[in-house]
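To keep things clear, I will list the structure first and then write my remarks on it.
The values are calculated or read from the model by the stated rules, or taken from the named source; none is laboratory data. Model, not experiment: these values are computed from the prediction. Neighbour counts run over all protein chains shown; Cβ positions are idealised from the backbone, glycine included. Side chains are part of the model used for accessible areas, which takes the heavy atoms of the whole protein and leaves out ligands, DNA and RNA. Shrake-Rupley method; radii C 1.70, N 1.55, O 1.52, S 1.80 Å.
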Number of protein chains: 4
Amino acid sequence: MPDFVAANPEYRRWIETVFARQAFMRLIGARLVSIEPGACTIAVDHTADLEQQNGVIHGGVIGALADNAAGAAGGTLQPEGTATVTAEYKINFLAPAIGERIEARGRVLRAGRSLVVCQSEVYARREGRETLSAVALVTLTPSALKGSA
Amino acid sequence: MPDFVAANPEYRRWIETVFARQAFMRLIGARLVSIEPGACTIAVDHTADLEQQNGVIHGGVIGALADNAAGAAGGTLQPEGTATVTAEYKINFLAPAIGERIEARGRVLRAGRSLVVCQSEVYARREGRETLSAVALVTLTPSALKGSA
Amino acid sequence: MPDFVAANPEYRRWIETVFARQAFMRLIGARLVSIEPGACTIAVDHTADLEQQNGVIHGGVIGALADNAAGAAGGTLQPEGTATVTAEYKINFLAPAIGERIEARGRVLRAGRSLVVCQSEVYARREGRETLSAVALVTLTPSALKGSA
Amino acid sequence: MPDFVAANPEYRRWIETVFARQAFMRLIGARLVSIEPGACTIAVDHTADLEQQNGVIHGGVIGALADNAAGAAGGTLQPEGTATVTAEYKINFLAPAIGERIEARGRVLRAGRSLVVCQSEVYARREGRETLSAVALVTLTPSALKGSA
């Protein structure tokens, strides 16, 4: 895994700003857990609102977290005012997301000028034990945040 | 595109039953628009809750709809008591989902015994005009609904 | 499916030029079958060299054809001197590729400036009857052909 | 990364047997480099036959190696007589595969009864230095080898 340096010294604040503007992340109760250059972790607690038909967290939530963790990881390497948008992603579900808390960890595999490729892993934490629930590959493109100076 | 016959004559009611049990679909305001053998359409109206940082519908919502439309399309071909779970999916975002209403149309490409492969297309409808916003390939596995007789 | 116009009036000759420079396509016996603006079909005949362990065409051949048909489809919309390279693709195998001839048909779903998204379908033709063997989503980036003026 | 135990004590010989029956692997000059429970590495040397239009190894070769390394990794956990077939895969190309030798390393992420999910990484080795060239997620299904007792 490569080491990245954030060109923007305020990358943490910048990612928090972009994240705070994502109403959908608020709707599902997602929060930023950690932000490092080229890496980001996002989590939700298990709530009834997020369930699918069998009482586990809906794949749509897992997918959104995996995508967003990757997007934020990629965003840490962008200049101020530039966020990322997702060009595409692919996710494999490995085990039902059973647990009090679901955590998506995104990290940059390659940061190109026009394309940023990330991998996300989603873990379900249950009574202190983690299970790898999903893995995703995500392709991002840098994109100016609307209304950014 | 192949023609499919639903083995379960009550496939519409069955899909509605499974869908109604998905709390997350309720949270995002998703509703079933049409259900045919091997095909299903799901829609949401644009609400502020579903937005990302630039005011368009969040990719996580688009992904969840694409996945769910495929899952329901696959479910129409299952026997009573059997739904589908998603093994994996891949989605390409083609254009920002701008419009009053977002519609995901899933259809089965191949229905095997242990794997069902579907394609979903997500359209944004704006003032009566539709734009293809995303396309997804989805692999499902049949799975008994918990608590089903 | 959108209608495309090729900016380069010599798009057919241009695609043939790029294709002829791909030694690997020669190795597997691939040939261009048709080239239209935003669409391209590539075929191979079944030969023993292309088989996997059970005597059907190897998935690696199917993947290469799906990828290349998409790349050539995207290339038809590029200016002279610019080809495409593949950023990523995803392929679902729907049925074993059994038949005298395997044909991959790529078409452009969206042609952006920095990203071109295509879909490919791979058919196996056996005694005049076609079976859909695989479907792929392919993301391309335009790229100057090395040595092009 | 999980530790796997091969149920079949002859898993190495078994993978070699399946691999030797893949004519296409022979065509591209692929060879098995290492076989461990849940992991497998396959390599090719750079030859002119494997090139695309710009003189680097064709993506079709990279994709085939990534797929096959995953398939062999999954095969190590199958009983004698059972190989794997690929249900789908997705590959991201991170850097051109420039070097004397290309190596694909597959490993199992999750081995279910009906689905096996693997990840492959493809490295280009040039003058002793390795570059990560591609990363893939691969979904396999166990399948009896034709003609196996």
Review point. What gaps in nm, shortest first, separate D:SER114 from its twins in the other copies when you place the label 7 Å past Cα toward the beta carbon?
Key: 0.8, 4.2, 4.2
Check your understanding: Averaged over peptide C:103-109, how many Cβ atoms belonging to another chain are found within 10 Å of each residue's Cβ?
Key -> 1
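At the nearest 100 Å², what buried accessible area, both sides summed, do you get for B and C when the probe is 1.4 Å? Walk me through the numbers before you get to the answer.
On the way: alone 7810 and 7840 Å², together 14500 Å².
Approximately 1200 Å² gets buried when B meets C.
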Check your understanding: Can you list the residues of the stretch A:23-40 that have at least 30 square angstrom less accessible area with all protein chains present than in their chain by itself, probe 1.4 Å?
Key -> A:ALA23, A:PHE24, A:LEU27
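With a 1.4 Å probe and all protein chains kept in place, how do C:SER143, B:SER114 rank by accessible area, largest first? Present the calculation step by step, with values, prior to reporting the outcome.
Values: C:SER143 35, B:SER114 65 Å².
Largest to smallest exposure gives the sequence B:SER114, C:SER143.
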Exercise for review: Considering the rotation that carries chain C onto chain B, locate the chain C residue whose Cβ comes closest to its axis and report the distance in whole Å.
Suggested key: C:LYS90, 2
Practice item. Over chain B, give the accessible area per residue in Å² for a 1.4 Å probe, as an integer. Key: 38 Å²
Review point. Where does chain B land at 222 nm, in deg cm²/dmol rounded to the nearest 500, when only DSSP H runs of n ≥ 4 count, each adding -39500 (n - 2.57), divided by all residues?
Key: -6500 deg cm²/dmol
Practice item. Measure off 7 Å from each Cα along the Cα-to-Cβ vector at B:ARG31 and C:GLU127, then give the distance between these two points in nanometres to one decimal. Key: 5.1 nm
Review point. Debye sum, Cα scatterers, the protein assembly as shown, no solvent: what log₁₀ I/I(0) at q = 0.09, 0.10, 0.11 1/Å?
Key: -0.66, -0.83, -1.02
Check your understanding: Mind listing the Cα extents of the stretch A:1-64 along all three principal axes, in Å, largest one first?
Key -> 44, 28, 14
Check your understanding: What do you get for Rg/Rh of chain C when both radii come from the Cα atoms and Rh is the Kirkwood radius?
Key -> 0.97
Practice item. Could you compute the FRET efficiency for B:SER143 and A:ARG101, with r as their C-beta to C-beta distance and R0 at 30 Å, rounded to 0.05? Key: 0.80
Exercise for review: Between copies, how far apart are the A:PRO9 label points? List them in nm, one decimal, shortest first, with each point 7 Å from Cα toward Cβ, please?
Suggested key: 5.8, 6.4, 7.5
Check your understanding: How big is the stretch A:58-131 by Rg and Dmax over its Cα atoms, in Å?
Key -> 13.4, 42
**Study point:** Qualifying lysines (Cα of each under 26 Å from Cα of D:LYS90; at least 8 residues distant if same chain)
**Key:** A:LYS90, B:LYS90, C:LYS90
Practice item. Evaluate the charge dipole of the stretch A:1-107 about its Cα centre and quote only its size in Debye, nearest 20, assuming +1 on the Cβ of each Lys and Arg and -1 on the Cβ of each Asp and Glu. Key: 80 debye
Review point. In degrees, nearest 10, range 0 to 90: what is the angle between the Cα axis of helix C:11-20 and the longest Cα principal axis of chain C?
Key: 60 degrees
Practice item. Have a look at A:PRO96, A:VAL56, A:SER143 and report the one farthest towards the positive end of the charge dipole of chain A, computed about the Cα centre with Cβ charges (Lys/Arg +1, Asp/Glu -1). Key: A:SER143
Point to revise | Rough spin-label spacing in nm, given labels placed 7 Å along Cα→Cβ, for D:ALA48 and B:VAL5 | key: 5.8 nm
